[in-house]
Amino acid sequence: MRKIITQYLNQFDFDIRKTRDARFMDQKCTPDVVCFIADCIVNTIQPDQTFIVSDIWNSQYFIKNTRAIFNKPWANDERAKHEYDKFIQQPLRMLGYAQILEIKKQGNQNVYKVKNMDILDYIAQKERNTYNFLYCYFEKVLSDSGLWRHFLEYKNNTNKDTFNALKDRYTRFIIGHTSINGAIEVHRIFPKILNVFAVENQICGSEKGHISKFVFTFSDLMYNRKNWRDMNKEKTMTRQEAIDEIDVVQQEAYNAYYVQKAMNMLRKIQHESEVNDQWGNGEATQIHHIFPKSEFPQIAHYIENLIKLTATQHYTKAHPNNRTQQINKDYQLTCLLAKADTIDRSLRMYGDKFYRKESFIYVIKIGLTQDIDMTLSFAEIKSKLIQVYNAT
């Protein structure tokens, strides 16, 4: 998918020296926030509809889910206005600069319209996708602006001095070529760019104005860093060990949002049952967790753990005798083998637009306590799964 994003972005000239616009990125444009705002657009705005910030702000989808995900005040509370203006506006502005949205000025407000639904939908699916987009986008903007080589120099020689030199060079560039005239504002935005670059290259980023003590990780990029969710845990991520009762309530709401989001995506991309057996005739109306979400909450939101089934397959085979708290182990293997085929086909046709092999292997690791080599083909993974189930 990165190739598709890059091909699209290559149509445009993002040279800051020409646009004179420093708002190609902003402080609130972290992967989780941008992903969520993109999701709100996809779920509340019609493809050809123009919209403004308040259309997102006042939608029930935004009001309900922004509280669940970010633990902010209710969006329709007048006292919370300062919490949300930049939270929505900055990602929209960034997506507009990137030509994912169209922007037109009407009076004193920006009016938006979706310009590339395919990429917007990809961004909206999950934070890892948003990260992929941001990296491609930053590379294009910084390359067009003559800054990319300085980031590469920092990558090749990462230390306190090269960090300060890059930060100073970027600050002088932005002040010299845009309407921003103060270093403080630039210093708020610089980490959001450098840290994506740092995660991609597994180097130190920016933390509290200084070079970070440790290599930046994917979870460090998030606006919602306090949360202990197990998103994309196949990569190195931190977990909050002690949580209080309020955190548990928030986590349940957060998990429910992401599970529903994954289920909606599967309904969008898969129309027939993924298991081709004698019970597969008829409409595939059911979304089944291969490994139950009650037992494995950390993979409940992974689309690689979800499979589309008919009602008969779901309630008579996956759950014996309609007992939804029980799992038929033989049919669980059948579902895993079928899901492997689905993911294999999807990766061949669409790349990582919908699925990741790494995520499927992580799902297996959590569900079966089995480590599977990433280099194995899907045929070899299926053979390994059969061996595991036959041994139990």
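Every number here is computed from the coordinates shown, using simple stated rules; none is lab data. All values derive from a computational prediction rather than experimental measurement. FYI the Cβ positions are ideal-geometry reconstructions off the backbone, even for glycines, and counts take in every protein chain you see.
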Inset, instruction - With r as the distance between the Cβ atoms of PHE214 and ILE52 and R0 = 30 Å, compute the FRET efficiency 1/(1 + (r/R0)^6) and round to 0.05. - result: 0.15
Legend entry - For q = 0.10, 0.14 Å⁻¹, Debye-computed log10 I/I(0) when each Cα of the stretch 6-163 counts as one equal scatterer: -0.39, -0.74
Inset, instruction - Report the label-to-label distance for ARG172 and ASP85 in nanometres (one decimal), using points 7 Å from each Cα along the Cα→Cβ vector. - result: 3.4 nm
Legend entry - Dipole of the chain, positive end: most advanced residue of LEU336, VAL53, SER294 [Cβ charges, Cα centre]: VAL53
Inset, instruction - Report the relative contact order of the stretch 289-392, percent, no decimals, based on alpha-carbon pairs under 8 angstrom and at least 6 residues apart. - result: 25 percent
Legend entry - ³J(HN,Hα) computed for each position of the stretch 150-160 - Karplus, 6.51 cos²θ - 1.76 cosθ + 1.60, integer Hz, glycine/proline x: 6, 5, 5, 5, 5, 4, 6, 8, 8, 7, 4
Inset, instruction - Using the Cα centre as the reference, give the magnitude of the dipole from point charges on the C-beta atoms of the chain (Lys, Arg: +1; Asp, Glu: -1; all else neutral), rounded to the nearest 20 debye. - result: 720 debye
Inset, instruction - Would you mind checking the stretch 271-304 for residues with the amide N under 14 Å from a putative spin-label position 7 Å along Cα→C-beta of MET263? - result: 285-290, 292-294, 300-303
Inset, instruction - Grab the eigenvalues of the alpha-carbon gyration tensor for the stretch 1-49, scale each by 5, take roots, and send me the semi-axes largest first in whole angstrom. - result: 23, 16, 13
Inset, instruction - Any chance you could give the angle, 0 to 90 degrees and rounded to 10, that helix 60-70 forms with the longest Cα principal axis of the chain? - result: 90 degrees
Inset, instruction - Please determine, in degrees from 0 to 90 and to the nearest 10, the orientation of helix 31-44 with respect to the longest principal axis defined by the Cα atoms of the chain, where the helix direction is its Cα long axis. - result: 70 degrees
Legend entry - Derived scalar couplings ³J(HN,Hα) [the stretch 181-193; Karplus, 6.51 cos²θ - 1.76 cosθ + 1.60; whole Hz; x for Gly, Pro]: 10, x, 5, 4, 5, 4, 5, 6, 8, 3, x, 5, 8
Legend entry - Viscosity 1.002 mPa s, temperature 20 °C, Stokes-Einstein D of the stretch 270-369 from Kirkwood C-alpha radius, µm²/s: 157 µm²/s
Legend entry - Mean separation of Cα contacts under 8 Å (6+ apart) over length of the chain, as relative contact order %: 14 percent
Inset, instruction - Read phi for every residue in the stretch 335-347 and hand back ³J(HN,Hα) as whole Hz from Karplus 6.51 cos²θ - 1.76 cosθ + 1.60, θ = phi - 60°, with x for Gly and Pro. - result: 5, 5, 5, 5, 5, 4, 5, 4, 5, 4, 4, 5, 5
Inset, instruction - May I ask which residue of ALA183, PHE378, ASN108 lies farthest towards the positive end of the charge dipole of the chain, with charges of +1 (Lys, Arg) and -1 (Asp, Glu) on Cβ and the Cα centre as origin? - result: ALA183
Legend entry - Where the Cα pairs of the stretch 348-392 fall when distances are cut into 10 Å bins, in %: 25, 55, 18, 2
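Can you tell me how much longer the chain between THR285 and ASP15 gets when fully stretched, taken as 0.36 nm per residue apart minus their C-alpha distance, in nm with one decimal?
Numbers: separation 270, 0.36 × 270 = 97.20 nm, distance 4.81 nm.
Stretched out fully, the THR285 to ASP15 stretch lengthens by 92.4 nm.
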Inset, instruction - Binning at 10 Å from 0, report for the stretch 87-198 what percent of all alpha-carbon pair distances ends up in each bin. - result: 12, 39, 34, 13, 1
Inset, instruction - Quick one: among PHE163, PHE214, PHE354, which has the greatest mean-square fluctuation in a GNM of the chain with alpha-carbon springs under 10 angstrom? - result: PHE214
Inset, instruction - Using just the helices of the chain, give the 222 nm mean residue ellipticity in deg cm²/dmol: DSSP H runs with n ≥ 4 each add -39,500 (n - 2.57), and the total is spread over all residues, rounded to 500. - result: -16500 deg cm²/dmol
Legend entry - Rough spin-label spacing in nm, given labels placed 7 Å along Cα→Cβ, for ASP341 and ASN322: 2.9 nm
Legend entry - Interchain or long-range residues, amide H under 5 Å from SER212's placed H: GLY205, SER206, GLU207
Inset, instruction - Specify the longest stretch of the chain that does not include any exposed loop site, a site being one of the trypsin sites (Lys or Arg not before Pro) with a non-H, G, I, E, B DSSP assignment and at most 14 other Cβ atoms within 10 Å. - result: 21-207
Legend entry - Total charge dipole magnitude, the stretch 297-370, about the Cα centre, Cβ charges on Lys, Arg, Asp, Glu only, Debye to nearest 20: 80 debye
